[in-house]
1. Which one is farthest from the chain's Cα centre (by Cα) among residues in the range 13-44 that are open to solvent by less than 10 Å² (accessible area, probe 1.4 Å) and more than 22 Å from LEU348 (Cα to Cα)?
2. In the range 308-339, how many residues are over 24 Å from LYS185 (Cβ atoms) and touching a residue at least 60 places away in the same chain (Cβ under 8 Å)?
3. State all residues of the range 216-228 that are closer than 27 Å to ALA262 by Cβ and in contact with a helix residue (DSSP H, G or I) (Cβ under 9 Å, 6 or more places away or on another chain); if no residue qualifies, say none.
4. Test each condition in (1) assigned to a helix (DSSP H, G or I); (2) in contact with a strand residue (DSSP E or B) (Cβ under 9 Å, 6 or more places away or on another chain); (3) open to solvent by 80 Å² or more (accessible area, probe 1.4 Å) for ASP184 and report the one that comes out false.
5. Among residues belonging to the range 306-352 that are open to solvent by less than 60 Å² (accessible area, probe 1.4 Å) and assigned to a loop (DSSP other than H, G, I, E, B), point out the one that is nearest to ALA203 (Cα to Cα).
6. Can you name the condition, by its number, that TYR34 falls short on among (1) closer than 27 Å to ARG259 by Cβ; (2) assigned to a helix (DSSP H, G or I); (3) modelled with pLDDT of 95 or more?
7. Pairs, please: C-beta under 9 Å, at least 6 apart or cross-chain, first residue within 13 Å of VAL217 (Cβ to Cβ) and not assigned by the TED database to the domain that holds ASP123 and in the range 253-265, second part of a strand (DSSP E or B) and open to solvent by 10 Å² or more (accessible area, probe 1.4 Å)?
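The values are calculated or read from the model by the stated rules, or taken from the named source; none is laboratory data. Since the model is a prediction, treat every value here as computed from it, not as a measurement. Methodologically, a virtual Cβ is constructed for each residue, glycine included, from the backbone with ideal geometry; neighbour enumeration extends over all protein chains shown. In case anyone asks, the SASA skips ligands and DNA or RNA and just uses the protein heavy atoms, side chains included. Shrake-Rupley method; radii C 1.70, N 1.55, O 1.52, S 1.80 Å.
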Amino acid sequence: MKHIVLTGGGTAGHVTPNIAMIPRLKELGYKISYIGSYEGMERKLIEELDIPYYGISSGKLRRYFDVKNFTDPFRVIKGFFEAKKLMKQLKPDVVFSKGGFVTVPVVIAASKKHIPTFIHESDMTPGLANKISIPFATKVCCNFPETVSHLPEDKAVLTGTPIRQELLEGNPEKALEFTGLSKDKPVILIIGGSLGAAAVNDAVRKILPELLKDFQVIHLCGKDKVDETLSNVKGYVQYEYIKQELADLFALADLVLSRAGANAICELSALNKPNLLIPLSARASRGDQILNARSFEQLGYSKVLEEEELTNDVLLSAVRDLYENREAYITAMSSSKHKDSIQQIVQLFENAVNKTL
């Protein structure tokens, strides 16, 4: 039986594309194992799928001063020896890395064992973990055409991002029943990412009375970020995190307001959902979400507001403008040539396993 090791962790964005690949890998008869950090959020997500999970030591590679910078290199070294031991134990035919700091030891260990290793970079420019891993990879899959210029010419493969197929099968009637909302007004779905987004949450709640005059709002606000004082506001429902019902909520939504993580915006594009993106500020990140958002804006898929621009009037105006022009965004996304990302990436695995790469 063909055996693949998947790895990725730290945020849901480093796990969900791996999860999207699993059904197709099973169809093709792959045995699947997963390597992540000891207690990262990826552990729970993967173990729920009954995939064997192996934890290794993981440190964070920071670009700024932190006292942990003195101890984390030792965690990374420990992780490398643990990953090396797992490669010997599991004997995978292929390794697929979705990124995150836990993947660096796994990719290097696989390379040292001459195991074909594939990396996926969702953002416009590679993150630090992937930059370190790229020299050890067989191929690097990427999401944006612009990314190819940042990668070694002999390794770059433009594949797009794997999308969870169940997201395309949502039922709006089930979402109405789940949320208790009505059919009387259009619905805005607010997504702040798996960890929530305080700036987005605050901005939405400040204009909520005005929003609710014309819209209903489903707010996925992140762990511990529910505002209990708004629990009984008509037309507004809030959840920390949604899993099973997410496809139904997407199906019900007329507009989506979201951060600009690459996986999230690719899902919105695949679903043809008019969207307003508020990328994570460059002050709090390396600016990858801003680049992602601007690329989608140029393609006509998204309307973009940067965090520094957020005021009550600006946000409210942007939402109304998006709704009024929603058909133009739907048309642009519908006419895009969505790649069959899962099949393209899996074919790379097949070629490697069959020694035809």
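1. Of everything passing the filter in the range 13-44, GLY36 is farthest from the chain's Cα centre (by Cα).
2. Matching residues across the range 308-339 total 4.
3. Selection gives VAL217, ILE218, HIS219, LEU220, CYS221, GLY222, LYS225.
4. With (1) assigned to a helix (DSSP H, G or I); (2) in contact with a strand residue (DSSP E or B) (Cβ under 9 Å, 6 or more places away or on another chain); (3) open to solvent by 80 Å² or more (accessible area, probe 1.4 Å) applied to ASP184, the lone miss is (1).
5. Within the range 306-352, the match that is nearest to ALA203 (Cα to Cα) is LEU310.
6. (2)
7. VAL256/ILE191; LEU257/ILE191
Residue by residue, here is whether (1) open to solvent by less than 10 Å² (accessible area, probe 1.4 Å); (2) within 22 Å of ILE32 (Cβ to Cβ) holds:
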residue: MET87; (1), (2): yes, yes
residue: VAL95; (1), (2): yes, yes
residue: ILE108; (1), (2): no, yes
residue: LYS113; (1), (2): no, yes
residue: SER133; (1), (2): yes, yes
residue: ASN143; (1), (2): no, no
